[in-house]
Amino acid sequence: MARSLAGQVALVTGASSGIGWELAKQLAGEGCKVALVARREAPLRNLAAQIAAAGGTAVPILADVGHREQVEAAFARARGELGPVDLVIANAGVGRPTLRDPVNMADVEDTFRINLMGVVYTLSAALPEMLARKSGHLVAVSSLAAYRGLPSESAYCASKAAVNVYMDGLRIHLRGTGVRTTTLCPGFIHTPMTASNTFHMPQLMTAAYAAGRMIRAIKARKKVYNFPWRLHLMVKLSRWVPDGAINWVMGDYEAEAQKAVADRQKQ
Ligand SMILES: NC(=O)c1ccc[n+]([C@@H]2O[C@H](COP(=O)([O-])OP(=O)(O)OC[C@H]3O[C@@H](n4cnc5c(N)ncnc54)[C@H](OP(=O)(O)O)[C@@H]3O)[C@@H](O)[C@H]2O)c1
């Protein structure tokens, strides 16, 4: 059953762009007061102004989710300005390829720091108050990439697999406490993260459409929500596809991954 989110305080990480931007905007449209968390100030202020102009309430808060003390400070600010947080969406993430030789270790470390520890810090910062209030909803934005390690994407896939397993454990650990969890595993979404991909992205969704589906899953209190279902099925079946076939399909991606890393290192 779908429940109303009106009047709730929501905190969304990675709200300065892509999926997080859309989630925050749509949550505000549902009547939530929204704390917008990311590192870039200008887009957060822009979104807060758009939400205010539409009659909603949003507070931009600067924080790097890979630093626990910054995440805790962000929650203290959200609580001070909006009240206790009812809904947390740990969405901030980076999509960086993993090269073979030499391994781009700084990117790999960032991937785990932001995609995994960022989720852990964000949800953990919300938990004590939620447990005391015996209510709250913790949401992680993972990915269908969690279900299959792919060449040149080892760190990204592993970070998302770790998020899924962490969320499974947390969900069971929180039984009977009044605090719920949802793990969201989307397929390809058109955002700045995927904008420079040159390969075919099957069933590519707009961020607005994907955020709408995510919010419906949150309202329906889904434990794990994988979508779109056809791509989810393909990814699950791909676990039985031989490594050689995966390598053949993704053979061209290695050059693209090397170029993406080189371009970013130049910036
Ligand atoms: N796009 C897809 O196809 C797709 C598919 C499945 C899952 N996902 C997941 O969806 C989430 C959002 O991705 P997106 O596609 O919307 O990407 P995006 O447009 O690049 O947005 C990423 C967001 O994360 C924030 N962020 C990155 N590092 C951060 C840090 N250290 N501290 C705080 N915020 C940080 C960015 O803000 P600042 O740079 O301002 O900090 C930005 O708001 C990610 O977890 C991604 O893995 C995406």
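The values are calculated or read from the model by the stated rules, or taken from the named source; none is laboratory data. Computed from a predicted model, the values in this text were never measured in an experiment. Don't worry about glycine lacking a Cβ; one is built from the backbone with ideal geometry, like all the others, and counts go over all protein chains shown. Each accessible area value is taken on the protein alone, full model and side chains, heavy atoms only, with ligands, DNA and RNA left out. Shrake-Rupley method; radii C 1.70, N 1.55, O 1.52, S 1.80 Å.
For this structure, a couple of remarks:
- Only one entry of A207, A195 meets the criterion of being touching a strand residue (DSSP E or B) at 6+ places or on another chain (Cβ under 7 Å) and either open to solvent by 100 Å² or more (accessible area, probe 1.4 Å) or hydrophobic (A, V, I, L, M, F, W, C) (or both), and that entry is A207.
- Flag for P102 being surrounded by fewer than 16 Cβ atoms within 10 Å (Cβ to Cβ) and within 12 Å of the ligand (Cβ to nearest atom): no
- Selection from the range 156-192 of residues that are assigned to a loop (DSSP other than H, G, I, E, B) and among the basic types (K, R): R175
- In the range 38-48, the residues that are over 15 Å from the mean Cα position of the chain (by Cα) and either open to solvent by less than 40 Å² (accessible area, probe 1.4 Å) or more than 13 Å from the ligand (Cβ to nearest atom) (or both): P43, L44, L47, A48
Yes/no per residue for (1) within 15 Å of the ligand (Cβ to nearest atom); (2) of a type in the set (D, E); (3) modelled with pLDDT of 95 or more:
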| position | (1), (2), (3) |
| --- | --- |
| R133 | no, no, yes |
| A140 | yes, no, yes |
| L144 | yes, no, yes |
| K160 | yes, no, yes |
| D168 | no, yes, yes |
| G176 | no, no, yes |
| C185 | yes, no, yes |
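- Taken over the range 193-224, the residue count meeting the criterion of being among the polar types (S, T, N, Q) and either more than 9 Å from the ligand (Cβ to nearest atom) or not in a loop (DSSP other than H, G, I, E, B) (or both) is 4.
- Count of residues meeting criterion [under 28 Å from T111 (Cβ atoms), in contact with a strand residue (DSSP E or B) (Cβ under 6 Å, 6 or more places away or on another chain) and open to solvent by 20 Å² or more (accessible area, probe 1.4 Å)] in the range 49-65: 1
- G80, sole failed condition from (1) more than 16 Å from T13 (Cβ to Cβ); (2) near the ligand (Cβ under 9 Å from one of its atoms): (2)
- Restricting A15, A6, A35 to residues that are surrounded by fewer than 24 Cβ atoms within 10 Å (Cβ to Cβ) and among the hydrophobic types (A, V, I, L, M, F, W, C) narrows the list to A6.
- Among the residues of the range 146-158, those that are away from the ligand (no atom under 12 Å from the Cβ) and open to solvent by 30 Å² or more (accessible area, probe 1.4 Å) comprise R148, G149, L150, P151, S154, A158.
- Yes/no for V85 being surrounded by 16 or more Cβ atoms within 10 Å (Cβ to Cβ) and under 15 Å from the mean Cα position of the chain (by Cα): no
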